[in-house]
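What follows is a set of notes on a single structure, which appears directly below.
The values are calculated or read from the model by the stated rules, or taken from the named source; none is laboratory data. Note that the coordinates shown come from a computational prediction; the quantities given were computed from them, not determined experimentally. Because the Cβ atoms are built from the backbone with ideal geometry, glycine has one as well, and the counts that use them run over all protein chains shown.
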């Protein structure tokens with residue numbers, strides 16, 4: 001007989017994972033505002049939003065350290081510590097990728113996106129926000145599953161994971177469209193490199209969200 005996951009802990013690690021996921025969502029709002037500001041070219045509040053993302057990422061790091069520090073090393077669990085840590089790592093890298101995207105923008109004095117790419121970049125940002133919104137719900141539903149091991153609840157979690165994969169695939173499409181258009185721009189090499197790298201860094205947000213889903217699926221399989 002499998003012992004319910006919550007019985008293994010005085011405090012479930014899923015409480016911390018959910019708190020961390022909520023920080024990811026909070027960060028996503030500031031990231032989206034920063035990107036919309038950047039698309040406006042002369043927006044004066046980009047740096048304020050970038051600093052807000054940095055501050056939220058720091059708060060999430062504190063939650064991450066607390067989760068890692070409170071999981072017993074020798075506790076019998078239906079899933080391994082390794083999978084919990086891998087899930088947390090991928091969820092945390094969603095935050096890192098948002099911060100990296102804004103930092104990358106800040107390195108260049110010239111602001112704004114070429115007009116012919118503004119819509120494509122806006123679509124890419126929207127596409128990577130979608131899987132972020134799934135992560136908080138994923139942790140909530142997984143928490144319910146590991147409490148009672150209901151097969152019905154397991155299906156709910158797997159459906160969210162499937163949605164994450166579809167959304168990551170859509171984000172990849174927008175990233176590819178941007179890179180193809182960038183290489184056909186009449187622009188200097190620095191601009192081309194900056195735009196391609198920016199598209200890849202933004203796209204990696206959805207990649208890490210999907211990876212988190214894959215780690216959750218591995219937990220379900222145990």
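Quick grid of which residues meet (1) in a loop (DSSP other than H, G, I, E, B); (2) over 18 Å from residue 167 (Cα atoms); (3) touching a strand residue (DSSP E or B) at 6+ places or on another chain (Cβ under 8 Å):
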{"position": "49", "(1), (2), (3)": "no, yes, no"}
{"position": "110", "(1), (2), (3)": "yes, yes, no"}
{"position": "130", "(1), (2), (3)": "no, no, no"}
{"position": "133", "(1), (2), (3)": "no, no, no"}
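Taken together, the residues in region 176-189 that are closer than 16 Å to residue 114 by Cβ and either in contact with a strand residue (DSSP E or B) (Cβ under 9 Å, 6 or more places away or on another chain) or in a helix (DSSP H, G or I) (or both) amount to 7.
One residue alone among 129, 161, 178, 113 is over 24 Å from residue 85 (Cβ atoms) and within 17 Å of the chain's Cα centre (by Cα), and that residue is 129.
When 137, 203 are checked against the criterion of being over 16 Å from residue 97 (Cα atoms), within 16 Å of the chain's Cα centre (by Cα) and in a helix (DSSP H, G or I), a single residue qualifies: 137.
Of everything in region 49-74 that's without any contact (Cβ under 8 Å) to a residue 40 or more places away in the chain and surrounded by fewer than 14 Cβ atoms within 10 Å (Cβ to Cβ), which residue is farthest from residue 202 (Cα to Cα)? Step by step, filter region 49-74, then rank; the result is 74. Of the residues making up region 142-159, those that are in contact with a helix residue (DSSP H, G or I) (Cβ under 7 Å, 6 or more places away or on another chain) and either outside any helix (DSSP H, G or I) or under 17 Å from residue 88 (Cβ atoms) (or both) number 4. Inspection of region 146-160 finds a residue satisfying the criterion of being on the phi > 0 side of the Ramachandran plot and either touching a residue at least 40 places away in the same chain (Cβ under 8 Å) or in contact with a strand residue (DSSP E or B) (Cβ under 7 Å, 6 or more places away or on another chain) (or both).
What number goes with the only condition from (1) touching a residue at least 40 places away in the same chain (Cβ under 8 Å); (2) farther than 25 Å from residue 12 by Cα; (3) loosely packed, with under 15 Cβ neighbours inside 10 Å that residue 97 does not pass? All conditions are met except number (3).
Only one of the numbered conditions (1) within 17 Å of residue 208 (Cβ to Cβ); (2) more than 15 Å from the chain's Cα centre (by Cα) is not met by residue 155, and that is (1). Does residue 173 satisfy being surrounded by fewer than 18 Cβ atoms within 10 Å (Cβ to Cβ) and modelled with pLDDT of 95 or more? Spelling it out, residue 173 is indeed surrounded by fewer than 18 Cβ atoms within 10 Å (Cβ to Cβ) and modelled with pLDDT of 95 or more. You will find that of 56, 71, the residue that is out of contact with any strand residue (DSSP E or B) (no Cβ under 9 Å at 6 or more places or on another chain), modelled with pLDDT under 95 and closer than 30 Å to residue 220 by Cα is 71 and no other.
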